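Read the structure below first, then the notes.
The values are calculated or read from the model by the stated rules, or taken from the named source; none is laboratory data. Since we're looking at a predicted model, the values are computed, not measured. Neighbour counts are summed over all protein chains in view; Cβ atoms, including those assigned to glycine, are modelled from backbone coordinates with ideal geometry. Areas reflect the complete protein model, heavy atoms only, side chains present, ligands, DNA and RNA absent. Shrake-Rupley method; radii C 1.70, N 1.55, O 1.52, S 1.80 Å.
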Amino acid sequence: MPLLYTIGKLTLAPALRLGFRPTVEGLEYVPETGGAIFAGNHLSVADELFLGTTVPRHLAFWAKSEYFKGTGLKGRFSRFVLTGLGAIPVERGGGRAALSAFDAAIPALRAGDLVVVYPEGTRSPDGRLYRGRTGAVRLAVTAGVPIIPVGMIGTDKVQPIGARMPRPLTGRITVRFGKPLDFTGRSDDRASLRAMTDEVMGEIQKLTGQEYVPRYAPARGRPPADGEPGAV
């Protein structure tokens, strides 16, 4: 476990548990050893905090590559923190650069680490669950590891988009883990990846009870338009 992550588990994690008292369900589905992918809904920056607080093992989160490239004191600090936590940078522009996250995650998973992926690709702008992108499933098939569905409830109330820190006494947080999904041996063609991703999103929805939207989440700053077709 990276040193900075260990320090956080010994200091920040107990404080969050004491201050927010999150409810945890299905922790028995979290493997004690071996690689796995946690695929969850994404309501708030606080999702990472409370998921990391709940799972006793190290979690490697995918983080936007911009956070690793900042300049000045703030940029250096962000890079230091994310690197120290063992985060995996992701290029959001697509192409070969975006595959670098896979290159980093696959050996980590095969070595027995845990990786967190948010299939929606961004935080939900309105609390609904949006169509998942196929990266998590593609990674699971390639690395030969299971996917554990995760449902986060209440984090958007505790730390809404734009809030810098979680705020106590503003909501109740629940973290739910579902039964692992094993896609070993499944085809990685486009249709199969889509079907498996829809299965993962269906399991996440069961955990959260969110309304499902069958299109991709809109870019931040633009509200979702009903009837807008999602990319394929």
Inset, instruction - Provide the per residue accessible area, probe 1.4 Å, for the chain, rounded to a whole number of square angstrom. - result: 51 Å²
Inset, instruction - Give, in nm to one decimal, the length gained when the segment between ARG21 and LYS69 is fully stretched (0.36 nm per residue of separation minus the Cα-Cα distance). - result: 13.8 nm
Inset, instruction - Count the net charge of all other residues whose Cβ sits under 14 Å from the Cβ of GLY86, scoring Lys and Arg as +1 and Asp and Glu as -1. - result: +1
Inset, instruction - Pop the C-beta distance of ASP188 and MET1 into the FRET formula with R0 = 41 Å and round what comes out to the nearest 0.05. - result: 0.85
Legend entry - For PHE183, residues with placed amide H under 5 Å, excluding near neighbours: ILE147
Legend entry - Added length on full extension, which subtracts the Cα-Cα distance from 0.36 nm per residue, ALA195 to TYR212: 4.6 nm
Inset, instruction - Compute log10 of I(q)/I(0) for the range 104-162 with the Debye formula, placing one identical point scatterer on every Cα and leaving out solvent, at q = 0.15, 0.16, 0.21, 0.22 Å⁻¹, to two decimals. - result: -0.55, -0.61, -0.88, -0.92
Inset, instruction - List every residue whose amide H lies under 5 Å from the amide H of ILE88, counting only residues 5 or more places away in sequence or on a different chain, with H placed 1.01 Å from N in the peptide plane. - result: PHE61, TRP62, ALA63
Inset, instruction - For the range 22-109, would you read off the P(r) tail past 17 Å as a percentage of all alpha carbon pairs? - result: 57 percent
Inset, instruction - With runs of 4+ DSSP H residues as the only contributors, calculate the mean residue ellipticity of the chain at 222 nm using -39,500 (n - 2.57) per run, divided by the residue total and rounded to the nearest 500. - result: -11000 deg cm²/dmol
Inset, instruction - Keeping every protein chain in place, order ARG123, ARG167 by accessible area at 1.4 Å, biggest value first, i.e. largest first. - result: ARG167, ARG123
Legend entry - Contact order normalised by residue count of the range 34-178, Cα under 8 Å, 6+ apart, percent: 36 percent
Legend entry - Scattering curve values for the range 145-215, log₁₀ I(q)/I(0), Debye with Cα scatterers, q = 0.24 Å⁻¹: -1.06
